[in-house]
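Worksheet: the structure to be examined is printed underneath.
Nothing in this text is a laboratory measurement; each read-out follows from the coordinates by a stated rule. Being a predicted model, the structure only gives us computed values, none of them experimental. Counting neighbours? That spans all protein chains shown, and the Cβs are built from the backbone with ideal geometry, glycine included.
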Amino acid sequence: MTRQVRLFRPSVGALELEAVRGAFERSWLGLGPKVGEFETAWSRYIRCADSIGVNSATAALHLAVSAFRFRAGAKVLVPAITFASTATAAMYNGLEPVFVDVDPVTLGISLDDLQRKITPDCVAVMPVHYGGHPVPMDRLLEIARAHRLKVIEDSAHCAGGEYQQRKIGTFGDIGCFSFEEKKCMTTGDGGMICSDDVELITPLRATRWVGIDKDTWKRAHSYTDPAELEAQHWYYEIAELGYKYNMNDLAASIGLAQLSRLDEMNARRAAAIGRYLDGIRDLRTIKPLLPYALERSSYWVFGVRTTKRRELITFLKKRGIATGVHYMPLPLHPLWKAHEEPIPVALREWPNLVTLPLFADIEDAEVDYVLEGLRDFDRTL
Ligand SMILES: *Cc1c(COP(=O)(O)O)cnc(C)c1O
């Protein structure tokens, strides 16, 4: 029997639908009170002082980097294997990414290579918890402090996971999360900027809203309030260049419902990974992508490494099993072809990476079907 197994699938149902219905009933879909409610709930959940909801992690990273007002042309250290947004966030701010090699085991930023690549021009480092596997933030922070680098944690892969009993995304100066539809939890599209330094990120509330320093929904009642006849309710000032990056109430409503299920969804993804790991233990040509440590985890990617990537992807495709590759090293893209920083580990490892189906609602039977494919492939070699 041939099935179709998707690579990613958002886990949304009655609870999310009910939340959307609430937004419809209030007839307030844009930036409104639900965004504030979601921000507060998120801050409480990851245990940080303040969070700001935006329409993507790409926007979150752009604004997070802007908070420091680095001088144009300064350099930002980013891992070679990540999604484009980590590097483009630096470039949107007129800064130059410097690509750091990855750790051969975790595929996260290599702390050894980080130390080699730091120069006096470098102002920040953006670690990415690749696939959801935590970067050793205690050691990274030591290096960052020694070189006065700001730390912007790209936590797009790992909403809810912990490292040393602390939520990932709360170690750096600012942490950014993604609620894109494929990620650990979703609002359709969405992102969050989080920090313990409230003063640092407060100005971003205006820059996510075209630079306007007032929220429309807080002003709305005063438009018609007879007690405020003389108040210039329509007045606002723009002092800073801003962007249309706000989260909206529709997304925030879905986010609140997803947040209430996040731990359970992470646990279900961890259980599926456990099943995969048991199933591939004895294979010769296929090894786990990462040193999965499932306790209190929020892995977004399950994958394998094999020197027969092209053959494996074709083999699984014939059986209706979707696969992916996360990621081709960024300097291999035309946009960054001028970059000549050495990244030998990334270049050696990326041809072996295969992402396999993983999502909260994946069924044991689907995992077993993928495993059967992997075992049959291993046997043919
Ligand atoms: C998905 C992702 C982003 C961007 O997230 P969006 O919400 O889609 O903008 C940024 N960084 C990494 C590492 C990602 O995987």
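Candidate cross-link partners of K318 among the lysines, defined by an alpha-carbon separation under 29 Å and a same-chain spacing of 8 or more, comprise K182, K183, K287, K308.
Using the charge dipole of the range 309-362 (Lys, Arg: +1 at Cβ; Asp, Glu: -1 at Cβ; taken about the Cα centre), state which of V325, T314, L347 has its Cα farthest towards the positive end. So the residue we want is T314. Projecting the Cα positions of L256, F302, I286 onto the charge dipole of the range 254-306 (unit charges on Cβ atoms of Lys, Arg, Asp and Glu, taken about the Cα centre) puts I286 furthest along the positive direction.
Working note: Karplus 6.51/-1.76/1.60 with θ = phi - 60° gives the range 183-199 the couplings 7, 4, 9, 9, 10, x, 10, x, x, 9, 10, 10, 7, 8, 9, 4, 4 Hz, where Gly and Pro are set to x.
Model label points for A14 and R69, set 7 angstrom from Cα along the Cα-to-Cβ axis, are 5.2 nm apart.
Secondary structure note: in the chain, about 60% of the DSSP beta bridges are antiparallel. For the range 1-134, the dipole from Cβ point charges (+1 on Lys and Arg, -1 on Asp and Glu) about the Cα centre works out to 220 debye, to the nearest 20. Neighbours of P120 by Cβ distance under 13 Å: Lys/Arg scored +1, Asp/Glu scored -1, total +3. Rounded to the nearest 20, the Cβ-based charge dipole of the range 160-217 about its Cα centre (Lys and Arg +1, Asp and Glu -1) stands at 140 debye.
Taking chymotrypsin sites (Phe, Trp or Tyr not before Pro) in DSSP loop conformation with at most 11 other Cβ atoms inside 10 Å as exposed sites, the chain has its longest uninterrupted site-free stretch at 1-233. Taking a label point 7 Å from the Cα of L294 along the Cα→Cβ vector, which residues of the range 241-279 have an amide N closer than 19 Å to it? Inside the label zone: 262-279. Loop-located trypsin sites (Lys or Arg not before Pro) in the range 7-106 (DSSP state not H, G, I, E or B) with no more than 14 neighbouring Cβ atoms inside 10 Å: R47, R69, R71. Our summary gives the range 79-134 a relative contact order of 37 percent, counting only alpha carbon pairs under 8 angstrom and 6 or more residues apart.
Full extension of the chain segment joining Q4 with A338 gains 116.2 nm, where the gain is 0.36 nm per residue of separation less the Cα-Cα distance.
Determine the dipole magnitude for the range 273-381: charges of +1 sit on the beta-carbon of Lys and Arg, -1 on that of Asp and Glu, nothing else is charged, the reference point is the Cα centre, and the result goes in debye to the nearest 20. Could the numbers behind the result be given before it?
Numbers: 16 positive and 15 negative charges, 97 e Å.
With only Lys, Arg, Asp and Glu charged at Cβ, the dipole is about 460 debye.
Compared with the alpha-carbon gap, the fully stretched path from S260 to D376 is longer by 37.8 nm at 0.36 nm per residue.
Grab the beta carbon distance between A84 and D225, set R0 = 35 Å, and tell me the FRET efficiency rounded to 0.05.
Values: r = 46 Å, r/R0 = 1.33.
Efficiency at R0 = 35 Å is approximately 0.15.
Normalised by the number of residues in the chain, the average gap of Cα pairs under 8 Å and 6 or more apart makes the relative contact order 24 percent.
Relative contact order for the range 123-265: what percent, with Cα pairs under 8 Å and sequence separation of 6 or more? Provide the component values of the computation, followed by the final result.
Details: 217 pairs, mean separation 26.4, N = 143.
After rounding, I find 18 percent.
One chain, two ends: Y235 and R139. Fully extended at 0.36 nm per residue, the span grows by 29.7 nm beyond their Cα-Cα distance. Distance between the pseudo-spin-label points of H147 and E199 (7 Å out from Cα toward the beta carbon): 2.7 nm.
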